[in-house]
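Report on the structure given below.
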Ligand SMILES: NC(=O)c1ccc[n+]([C@@H]2O[C@H](COP(=O)([O-])OP(=O)(O)OC[C@H]3O[C@@H](n4cnc5c(N)ncnc54)[C@H](OP(=O)(O)O)[C@@H]3O)[C@@H](O)[C@H]2O)c1
Ligand SMILES: *[C@@H]1O[C@H](CO)[C@@H](O)[C@H](O)[C@H]1NC(C)=O
């Protein structure tokens, strides 16, 4: 009787293993980009089951095999990627940085790429022309210019008539000189909102009819600074927070159309966003010109002139390898079940967790440990000195 039961169990064991193995082979074949992952997640349950079979007997092994198979199938289900096929994707701000790297990356994977650039005659556009396949089209696209957004729509919809547009990546963005919110000129707040928020909204609204038709993907590049408060990012952070909220609401509203929306909140990466000294000179000039005399007096010249050294100081903390951001965007574009929020880059996830799950005072203390200039406004230094004196 025992022998019969254990031989039945043995056969069940072989059956389940074979079924699981064949399914996983099928999954691996269908998702070429995830082969290693699939292999690891298929071997893991089998190894565990063998171990349990050796220690607990065939029944224990079978139970463990079934449980781990279900877990790894669910995990891989979330990881499974759709085929690239002839999917077309529009990217804004492909002149430099993430957008530029993404245009090359997606082109290399076989996507039909529409690379929107701020300057079609600039070096970034020229490089894409020279290094990418003929599937890639360059579009003159200043996202704050309604005419150019409309022209881009006409060009894209003509080119994708049969196959449709699968994805839009709202990547174009500006940072501006990071400085105390009290000091930033109104023009900086407006510029950040204009590009980072209104520009992305206009592009989304324009192309959504195409995305609804393809049941495709909308990906918005927000920022870590848009999910949590960080000193010196009042203008930029507020515009990214607006974009992040827009993404969230669109994700809810568009799900009934089969369109999936993702927000990407990267931490610091070395891109064109770190700017040039000419740009910061110009923005410093604008900031100083718009400052009331007594504010200028309270903060003091050396504090104000030191603002420019904040970004260069950040450079060593910024990642040169952009691949975490590229992988997150690819996942948002192709995963069968993409996430609503991605946090690529060092610190991006942990800061958000602390902000979400801990008291504000703890978060403020934690974020004050961030690298920043040690500089103190002049008036505070004097008060401090006076207090010490008494
Ligand atoms: N790098 C980071 O650490 C980081 C972190 C979080 C989020 N982000 C976000 O990631 C996105 C890409 O930035 P990046 O880091 O790759 O910086 P980037 O190299 O400066 O790329 C931004 C691109 O957008 C372009 N652009 C600016 N205004 C535009 C407009 N009105 N219309 C169309 N394009 C415009 C820029 O062109 P020009 O160069 O000619 O101005 C530039 O090519 C941005 O939204 C940024 O806020 C970056
Ligand atoms: C907007 O784009 C159009 C077409 O490229 C151009 O003629 C116009 O001057 C641009 N407007 C602004 C305000 O830059």
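We did not get these values from a lab; they are worked out from the coordinates using the rules stated. In this text, all values refer to a predicted model and were calculated from it rather than measured experimentally. Don't worry about glycine lacking a Cβ; one is built from the backbone with ideal geometry, like all the others, and counts go over all protein chains shown.
List of remarks:
- Proportion of all alpha-carbon pairs of region 207-346 beyond 26 Å (%): 39 percent
- Cα gyration tensor category, rounded, prolate or oblate, for region 88-368 with a/c compared to 1.5: prolate
- Packing order of peptides 64-71, 340-347, highest average first: 340-347, 64-71 (average count of other Cβ atoms within 10 Å over each peptide's residues).
- Order of 134, 381 - criterion: other Cβ atoms within 10 Å of each residue's Cβ, fewest first: 134, 381
- Alpha-carbon centroid distance for the pair region 48-72 / region 138-154, whole angstrom: 57 Å
- Residues residue 339 and residue 26, FRET efficiency given R0 of 35 Å [Cβ-Cβ distance, rounded to 0.05]: 0.90
- Between the beta carbons of residue 270 and residue 362, assuming R0 = 25 Å, the FRET efficiency works out to 0.25 to the nearest 0.05.
- Kirkwood estimate for region 19-165, i.e. one over the average of 1/r between Cα atoms, Å: 18.3 Å
- Each peptide among 350-359, 93-102 gets the average number of other Cβ atoms lying within 10 Å of its residues, and from highest to lowest they stand as 93-102, 350-359.
- Extension reserve of the residue 318-residue 14 stretch, reckoned as 0.36 nm per residue once the Cα distance is removed: 104.4 nm
- Degrees, to the nearest 10: 378-389 long Cα axis against longest axis of the chain: 80 degrees
- With Cα atoms, 0 to 90° folded angle of helix 58-79 axis to the chain main axis: 40 degrees
- With Cα atoms as the point set, region 37-104 shows a radius of gyration and Dmax of 20.3, 61 Å.
- Placing a label point 7 Å from the Cα of residue 370 along the Cα-to-Cβ line, the residues of region 290-319 whose backbone N sits under 18 Å from it are 307-319.
- All-pairs Cα distance distribution in region 289-387, expressed in whole percent, bin size 5 Å: 2, 10, 13, 13, 15, 14, 12, 9, 5, 4, 2, 1, 0
- Between region 178-207 and region 320-382, the C-alpha centres lie 20 angstrom from each other.
- Taking label positions 7 Å along the Cα-Cβ direction at both residue 119 and residue 278, the computed distance is 0.8 nm, reported to one decimal.
- Degrees, to the nearest 10: 348-357 long Cα axis against longest axis of the chain: 90 degrees
- Sorting the segments 162-172, 49-59 by their residues' average number of neighbouring beta-carbon atoms within 10 angstrom, most packed first, yields 162-172, 49-59.
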